[in-house]
Amino acid sequence: MSRRFRDQGWRLWHFAREILVRCPRCDGRACVAVHPGHRERHAHAVGWLTAPHRLSCGGCGRVADWAPDRWEPGRGDAYFTAGGPYVVPRLGGPEDPYFGLPLWLRRSCRGGRVLWAYNLAHLDVLEAYVAAPLRERPVTAGSQTMLERLPAWMKAAERRDEVLAAIRSLR
């Protein structure tokens, strides 16, 4: 691993196009992604975050579809389209934002903390960040990046070995 890590300004949605989850039927690895029949019309992340999604398990064949909820005041962030406003799924936490299923890449750490990642690309970035003693931020990050929003226990040098061991066990 490199001793230097440069935050590319990633946001959590950069890693949400494919989310690995535990299948509700067989407890194997399943995937949640934009429904294969959906024609992407939106260049912005919020367009595909609110697109119909499909859960599919290669182990048992389980398939389930998700459609966005209509937005109403008090129901979270809204995404306005020609078809009306929809609730934007809330990213973050050890469950997927569409079906509420436990993430496949999820591991308990000391103190009741949970390390999680949406997919292997997300896990790769977390590993590179945690392993690097020198972490550089982008100059024009705007609002906080995904890595800046990580909990303090994941960023702490004294927890580095514990967090890296958890990441290795998830691989």
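Only one of (1) crowded, with 18+ Cβ neighbours inside 10 Å; (2) in contact (Cβ under 8 Å) with a residue 24 or more places away in the chain is not met by TRP116, so which one is it?
(2) is the only condition that TRP116 fails.
Under 8 Å between Cβ atoms, which residue pairs at least 6 apart in sequence (or on different chains) link something in the range 153-166 that is in the same structural domain as GLY111 (by TED's automatic domain parsing) and at negative phi with a partner that is small (Gly, Ala, Ser) and in a helix (DSSP H, G or I)?
That search, which allows pairs on different chains as well, returns TRP153/GLY111; ARG160/ALA131; LEU164/ALA131.
What are the residues in the range 68-94 that are among the charged types (D, E, K, R) and either touching a residue at least 24 places away in the same chain (Cβ under 8 Å) or in a loop (DSSP other than H, G, I, E, B) (or both), if any?
Within the range 68-94, ASP69, GLU72, ARG75, ASP77, ARG90 qualify.
Can you find, within the range 1-26, the residue that is modelled with the lowest pLDDT among those that are over 18 Å from LEU101 (Cβ atoms) and part of a loop (DSSP other than H, G, I, E, B)?
MET1
What residue, among those in the range 27-52 that are hydrophobic (A, V, I, L, M, F, W, C) and modelled with pLDDT of 80 or more, is nearest to ARG11 (Cα to Cα)?
Checked the range 27-52; the qualifying residue nearest to ARG11 (Cα to Cα) is LEU49.
Working carefully through the options ARG168, ARG135, find the one that is over 30 Å from PRO52 (Cα atoms) and assigned to a helix (DSSP H, G or I).
Numbers: ARG135 fails: assigned to a helix (DSSP H, G or I).
After ruling out the rest, the residue left standing is ARG168.
Could you list, in sequence order, the residues of the range 96-113 that are touching a residue at least 24 places away in the same chain (Cβ under 8 Å) and within 20 Å of ARG54 (Cα to Cα)?
Answer for the range 96-113, where residues must be touching a residue at least 24 places away in the same chain (Cβ under 8 Å) and within 20 Å of ARG54 (Cα to Cα): ASP96, PRO97, TYR98, PHE99, LEU101, PRO102, LEU103, TRP104, LEU105.
Examine the range 125-142 for a residue that is modelled with pLDDT of 90 or more and of a type in the set (D, E, K, R), and state whether such a residue exists.
Among the residues of the range 125-142, at least one is modelled with pLDDT of 90 or more and of a type in the set (D, E, K, R), which makes the answer yes.
The values are calculated or read from the model by the stated rules, or taken from the named source; none is laboratory data. Source: prediction; values computed, not measured. In this analysis, Cβ positions are derived from the backbone assuming ideal geometry, glycine residues included, and neighbour counts consider all displayed protein chains.
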